[in-house]
1. Test ILE206 against the stated conditions and say whether it is under 18 Å from the mean Cα position of the chain (by Cα), closer than 24 Å to GLY351 by Cβ and modelled with pLDDT of 95 or more.
2. Which residue pairs have Cβ atoms under 7 Å apart, sit 6 or more places apart or on different chains, and have a first residue in the range 148-173 that is among the polar types (S, T, N, Q) and a second that is surrounded by 10 or more Cβ atoms within 10 Å (Cβ to Cβ)?
3. Can you find a residue in the range 19-42 that is at pLDDT below 85 and surrounded by 15 or more Cβ atoms within 10 Å (Cβ to Cβ)?
4. Name the single residue that is surrounded by the most Cβ atoms within 10 Å (Cβ to Cβ) among those in the range 128-149 being more than 25 Å from SER25 (Cβ to Cβ) and not charged (D, E, K, R).
5. Name the single residue, out of those in the range 357-374 being modelled with pLDDT of 95 or more and surrounded by fewer than 24 Cβ atoms within 10 Å (Cβ to Cβ), that is farthest from the chain's Cα centre (by Cα).
6. Would you check which residues across the range 391-409 are among the charged types (D, E, K, R) and modelled with pLDDT of 95 or more and list them?
7. Could you grab me the full set of residues in the range 253-276 that are part of a helix (DSSP H, G or I) and either open to solvent by less than 60 Å² (accessible area, probe 1.4 Å) or within 18 Å of SER292 (Cβ to Cβ) (or both)?
8. Name the single residue, out of those in the range 56-88 being among the aromatic types (Phe, Trp, Tyr) and under 19 Å from the mean Cα position of the chain (by Cα), that is modelled with the highest pLDDT.
Amino acid sequence: MDRIQQKERKGHLVLVPCPLPSHMSPMLHLGKLLHSQGFFITIIHTQLNPPNYSQYPEFSFESIGGDVLLESYSAFDGDVMLFLSELNMKCEIPFHDFLVNMQSRRRYDNPISCVIYDAVMYFCAGVADHLKFLRIVLRTSSAANYIGLSILHENYCLPIQEHQLEEPVAEFPLLRVKDMPLFSTCKHTREILTCIHNGTKTASAIIWNSIWCLEHALFERIEDEILVPIYPIGPLQKHCGSFSTNVLSEEQNFLVWLDKQAPSSVVYVSIGSVVTMTEDELLEMAWGLANSDQPFLWVVRACLVDGSDAVEQLPEEFHETTRNRGKIASWLPQQKVLAHKSIGCFLTHNGWNSTIESIAEGVPMLCWPRVGDQRVNARFVSHVWRVGIQLEDRLSRDGVESAVRTLFSSVDIQERVKELKKKVEISMRQEGPSSDFFGRLVKNIRLKEKTIRL
């Protein structure tokens, strides 16, 4: 429970999350954490995927952009770069006007001391600079992804050619070209990457939802290149305990079923809130799970397969075969699932939230990356940290079955992921790296506040 009384709070932080669910959650976790240190928190959001106000009574919420962003993400046909371009173009003026109005109202009553924004919401940089606010960037992906994007932006012509995909990346030998954070379309990629990187490199500081023990060498490389203070304070969800930020509906009866399963026996399957798959891929994954003979808990969203109800696409024979050892849900509170003692494997798309949550709970991963940073994350999981296996070829039932069996039989992978979990736990302790970096972040903001007042 937050023991700091409202009247004792000093410092007003404006937080600007990206409306995509995988970006929203880390920012809300960060807000919770900063609020515990005595800051007032205002969340600025769009009408697209707005947070549930009732879950965060300690925050103030303000909406910008009116109805201009009410289109669903699917309206952009999966083109994340087009989506980000539209988002930043339509939010800049409303955000500027809101800050001006807010600052005039609070000039003598706890004025804004800092703007913290998701790196992809780069319109905040120009507005904050114009109004002379301290600004800090939150990066919701890994340090490896940041370096991969920098290399992609500076050294590669887009689109990448087919013959280049298997080549190693000279500037980052841990990756092959096909492991780079590539997107299915690239009309706006270079423009967006330029804006994101310019906004990041010129910020007062960068907060990272990552962990020093996972990427310390990469963080040192980044510090040498950009000379901006960095604060890897992740995993943010672990700081906040059972605090839930899910913006999608959750199903709770999964616990009853999980409690009946043997320890470390269940394959948890989820490919996030945005990624889709074809009907053929759905069937191959389904029969791979069925043939593995392991119990499984599978998140099958209604929109998982384009244009149809995904559950209805699963044949009756599959349901009959797996009736006693499979459970399908439309959505689940992932942190609680991964923390359950029965989970023994996570079949994931390797979004960064999913990757870091799995590591934090000591769960090996079966990696099926689709786009963007997922490829980078999967490569690090399978070949750097070596706590999982990547499905690299066309998704097939034999490949899924074989990989699941290998993960459950690999003592080495299981031991490595347990060791990583211990390192994460050490990082979270009072004098551990994540806690230490968070303390430095708070001191930095407080110091800048004093400078602004003077």
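1. Working: under 18 Å from the mean Cα position of the chain (by Cα): yes; closer than 24 Å to GLY351 by Cβ: yes; modelled with pLDDT of 95 or more: yes.
Against the criterion (under 18 Å from the mean Cα position of the chain (by Cα), closer than 24 Å to GLY351 by Cβ and modelled with pLDDT of 95 or more), ILE206 qualifies.
2. Partner pairs satisfying both residue conditions: SER150/HIS197; ASN155/GLU171; GLN164/VAL177.
3. Here is the first cut: in the range 19-42, the residues at pLDDT below 85 are none.
Looking for residues that are at pLDDT below 85 and surrounded by 15 or more Cβ atoms within 10 Å (Cβ to Cβ), one finds none in the range 19-42, hence no.
4. From the range 128-149, those more than 25 Å from SER25 (Cβ to Cβ) are 129-132; that's our starting set.
Restricting the remaining residues to those that are not charged (D, E, K, R) gives 130-131.
On the way: HIS130: 11, LEU131: 14.
Looking at the filtered set, the residue picked out is LEU131.
5. Out of the qualifying residues, it is GLY362.
6. The answer is ARG397, ASP398, GLU401, ARG405.
7. As a first pass, look at the range 253-276 and keep what is part of a helix (DSSP H, G or I): 254-259.
Correct list: PHE254, TRP257, LEU258.
8. Taking the range 56-88 as the starting set, the residues that turn out to be among the aromatic types (Phe, Trp, Tyr) are 56, 59, 61, 73, 76, 83.
Filter once more, keeping what is under 19 Å from the mean Cα position of the chain (by Cα): 73, 83.
On the way: TYR73: 53, PHE83: 85.
For the range 56-88, the residue satisfying everything is PHE83.
The values are calculated or read from the model by the stated rules, or taken from the named source; none is laboratory data. As the structure is a prediction and not an experimental result, all values here were calculated from the model. Virtual Cβ from ideal backbone geometry, glycine too; neighbours counted across all protein chains shown. Heads up: the accessible areas ignore ligands, DNA and RNA and are worked out on the full protein's heavy atoms, side chains in. Shrake-Rupley method; radii C 1.70, N 1.55, O 1.52, S 1.80 Å.
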